[in-house]
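Enquirer: For reference, the structure I am asking about is given below.
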Amino acid sequence: MQITNPTTLEKIKDVTEDTKESILKKMASSREAHLNWIDIGLEERLKKVKKFSDLLDQKKDQLATTLSLEVGKPLQESYNEINGARKRILFFLENSSKWLNHQVQNVDGNTTDSLSFDPLGIICNISAWNYPYLVGVNVFVPALIAGNNVFYKPSEFSTLTGLHIAELWKESGVSEDVFTHIIGGKEVGEILLDCPFDGYFFTGSFKTGQYIANKVASKMVPVGLELGGKDPLYVTEEIKDVLQVASAVVEGCFYNNGQSCCAVERVYVHEKIYDQFIECFLNETKKLKMGDPLDQANLQGSIARLPHINFLDVQVQDAIKKGAKLLLGGTIPKKKGSFFPPTVLTDVNHTMSVMKDETFGPVRGLMKVKNDDEAIKLMNDTDYGLTASVYSHNIERAKKILQEVNAGTSYINCCDRVSPYLPWAGRKHSGMGATLSFLGILAFAKPRGWQIRN
Ligand code: NAD
């Protein structure tokens, strides 16, 4: 399998994909190693996870460079991702024991009811390329802490980062039989679906997630799905500083080239401040210099998957054909590489793909609304339900609006962020189950109830 740099479209290197035979062999070794991983106990496992986090820090220059080369992410954002992953790991280090250790629930006369947790077994983690450290950590860290072995298949677009992750686990004292990496794309993923795993945890698109959920349903094992989004943001007229809000929304729209599951994908603006907001939004977007992600002056890198620039182009053309106004960007640059500029469309509506289908790139539509009711209706007009955001200094009003929007995360005066203390739980086509928080610790464990009579 060839690994290509999306910025230059040149080959970085070739890697050898896994096969059915290699996967079955790795599974047999993993089964053999599993008991030992359980036996070393929670405290020992936490120490190894801490070491992994330390190594992420020590090697971050090399890791960040590889990530930027491989997926086109601006270098500073690659550093941010690695630092963010370490913060999530810290959450798991500090909170896992509290949830996983044996807990007495009730004492009734001479009978004690208590709860303990067993690992699921050997779990399969099929992952996405857009934040390989962050979405990886959400799954493999709590899974390993809870005593599971992990088969980790990074996306074919972030294979080299996946290999770094595997090396770091090995260096942390977690053997390849406990954290097993698998190289390949869709076909190799298919082989994993046919293997007897004790749980499937997937991060990626709705289409693949739905397919995987169907394919493994008869196994009756836990399935966790972190899928796409079409996340709305509503700017009310009750904001103090239009420029400051516009600047924050631009970041929410275009960070990581808009290739985030929780990127702001749709912006609704109250008519009272619409013109002023659009002007500020446009000016702030114009500041996003696009180019080589390794050049720190650039805030926009290349688009990770070359074919996706055609999808972005089609979305822009569809909007223009249906009456949208193109204020910025919108054309594929002539220069070599997988690039698409930050693009701003107004006069959009919900007959246009840009307001309905996940864009996963730097194209955004902004729409004027008359009041909160109209905003709520439009915000809910989506198959997805990952996050939703309202900007207003009237917190009660913002809460009331968000309470009516069907999304797993509600943001007030912020957007496009993830807290490890809260469940990351998409609704509708955005997913099933939760990672992070105490729910994302317990997602990788089976409860065992004990009723002990003395
Ligand atoms: P994708 O669905 O194309 O691929 C994801 C993974 O699935 C890859 O490893 C791929 O090789 C594998 N795969 C593809 N087809 C398969 C099959 N038939 N059987 C088994 N495995 C298969 O998604 P992507 O392009 O890597 O990621 C982008 C998507 O991920 C976006 O929709 C984004 O919103 C979503 N995402 C969601 C979250 C979240 O937390 N909710 C986080 C990051 C990304």
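The values are calculated or read from the model by the stated rules, or taken from the named source; none is laboratory data. Here the structure is a predicted model, which means the values were calculated and not measured. Quick reminder, even Gly has a Cβ in these numbers, built from the backbone with ideal geometry, and neighbours come from all protein chains shown. All accessible areas refer to the heavy atoms of the entire protein, side chains included, with ligands and DNA or RNA removed. Shrake-Rupley method; radii C 1.70, N 1.55, O 1.52, S 1.80 Å.
Enquirer: Taking the stretch 197-230 only, how many residues are free of Cβ contacts under 8 Å to residues at least 60 places away in the same chain and in a loop (DSSP other than H, G, I, E, B)?
Expert: 1
Enquirer: With the requirement that a residue be within 16 Å of the ligand (Cβ to nearest atom) and free of Cβ contacts under 8 Å to residues at least 60 places away in the same chain, what does the stretch 161-186 give you?
Expert: Gly162, Ile165, Ala166, His181, Lys186
Enquirer: Within the bounds of the stretch 332-354, is there any residue that is touching a residue at least 40 places away in the same chain (Cβ under 8 Å), surrounded by 23 or more Cβ atoms within 10 Å (Cβ to Cβ), assigned by TED's automatic domain parsing to the domain that holds Leu299 and assigned to a helix (DSSP H, G or I)?
Expert: No, the stretch 332-354 contains no residue that is touching a residue at least 40 places away in the same chain (Cβ under 8 Å), surrounded by 23 or more Cβ atoms within 10 Å (Cβ to Cβ), assigned by TED's automatic domain parsing to the domain that holds Leu299 and assigned to a helix (DSSP H, G or I).
Enquirer: Right, next: Would you be able to say whether some residue in the stretch 3-15 is under 20 Å from Lys170 (Cβ atoms) and surrounded by 14 or more Cβ atoms within 10 Å (Cβ to Cβ)?
Expert: Yes: the stretch 3-15 contains one or more residues that are under 20 Å from Lys170 (Cβ atoms) and surrounded by 14 or more Cβ atoms within 10 Å (Cβ to Cβ).
Enquirer: State yes or no: is Leu67 assigned to a loop (DSSP other than H, G, I, E, B) and of a type in the set (A, V, I, L, M, F, W, C)? First the steps, then the outcome.
Expert: Working: assigned to a loop (DSSP other than H, G, I, E, B): no; of a type in the set (A, V, I, L, M, F, W, C): yes.
For Leu67, the condition - assigned to a loop (DSSP other than H, G, I, E, B) and of a type in the set (A, V, I, L, M, F, W, C) - is not met.
Yes/no matrix, rows are residues, columns are (1) buried (at least 20 other Cβ atoms within 10 Å of the Cβ); (2) modelled with pLDDT under 95; (3) away from the ligand (no atom under 12 Å from the Cβ); (4) of a type in the set (A, V, I, L, M):
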site: Ser96; (1), (2), (3), (4): yes, no, yes, no
site: Gln105; (1), (2), (3), (4): no, no, yes, no
site: Leu115; (1), (2), (3), (4): no, no, yes, yes
site: Gly136; (1), (2), (3), (4): yes, no, no, no
site: Thr159; (1), (2), (3), (4): yes, no, no, no
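Enquirer: Next up: Please specify each residue of the stretch 239-256 satisfying the condition of being hydroxyl-bearing (Ser, Thr, Tyr) and within 16 Å of Ile278 (Cβ to Cβ).
Expert: Passing the criteria: only Ser247.
Enquirer: Now a separate question. Identify the single condition in (1) open to solvent by 40 Å² or more (accessible area, probe 1.4 Å); (2) in contact with a strand residue (DSSP E or B) (Cβ under 6 Å, 6 or more places away or on another chain); (3) not assigned by TED's automatic domain parsing to the domain that holds Met290 that Glu237 does not satisfy, given that it satisfies every other one.
Expert: With (1) open to solvent by 40 Å² or more (accessible area, probe 1.4 Å); (2) in contact with a strand residue (DSSP E or B) (Cβ under 6 Å, 6 or more places away or on another chain); (3) not assigned by TED's automatic domain parsing to the domain that holds Met290 applied to Glu237, the lone miss is (3).
Enquirer: Here's a follow-up. Are there any strands (runs of 3 or more DSSP E) wholly within the stretch 362-454 with 1 or more residues that are open to solvent by less than 30 Å² (accessible area, probe 1.4 Å), assigned by TED's automatic domain parsing to the domain that holds Phe140 and farther than 26 Å from Leu345 by Cβ, and if so which?
Expert: Once the strands (runs of 3 or more DSSP E) in the stretch 362-454 are filtered for at least 1 residues that are open to solvent by less than 30 Å² (accessible area, probe 1.4 Å), assigned by TED's automatic domain parsing to the domain that holds Phe140 and farther than 26 Å from Leu345 by Cβ, what remains is 445-453.
Here's the yes/no breakdown for (1) within 28 Å of Pro362 (Cα to Cα); (2) touching a Ser or Thr at 6+ places or on another chain (Cβ under 8 Å):
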| position | (1), (2) |
| --- | --- |
| Gly184 | yes, no |
| Leu193 | no, no |
| Pro196 | no, no |
| Tyr200 | no, no |
| Leu233 | yes, yes |
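Enquirer: Checking Asn380 against (1) in contact (Cβ under 8 Å) with a residue 40 or more places away in the chain; (2) away from the ligand (no atom under 16 Å from the Cβ); (3) closer than 22 Å to Leu225 by Cβ, only one condition comes out false. Which one?
Expert: (1)
Enquirer: Is it true that some residue in the stretch 78-88 is under 30 Å from Lys289 (Cβ atoms), within 16 Å of the ligand (Cβ to nearest atom), of a type in the set (Gly, Ala, Ser) and open to solvent by less than 10 Å² (accessible area, probe 1.4 Å)?
Expert: Yes, the stretch 78-88 contains a residue that is under 30 Å from Lys289 (Cβ atoms), within 16 Å of the ligand (Cβ to nearest atom), of a type in the set (Gly, Ala, Ser) and open to solvent by less than 10 Å² (accessible area, probe 1.4 Å).
Enquirer: On to the next question. Check Lys335, Lys356, Lys368, Lys399 and return the single one that is charged (D, E, K, R) and within 24 Å of the chain's Cα centre (by Cα).
Expert: Answer to the selection: Lys356.
Enquirer: Output the residue which, of all residues in the stretch 240-272 that are of a type in the set (A, V, I, L, M) and open to solvent by 20 Å² or more (accessible area, probe 1.4 Å), is nearest to the ligand (Cβ to nearest atom).
Expert: Ala248
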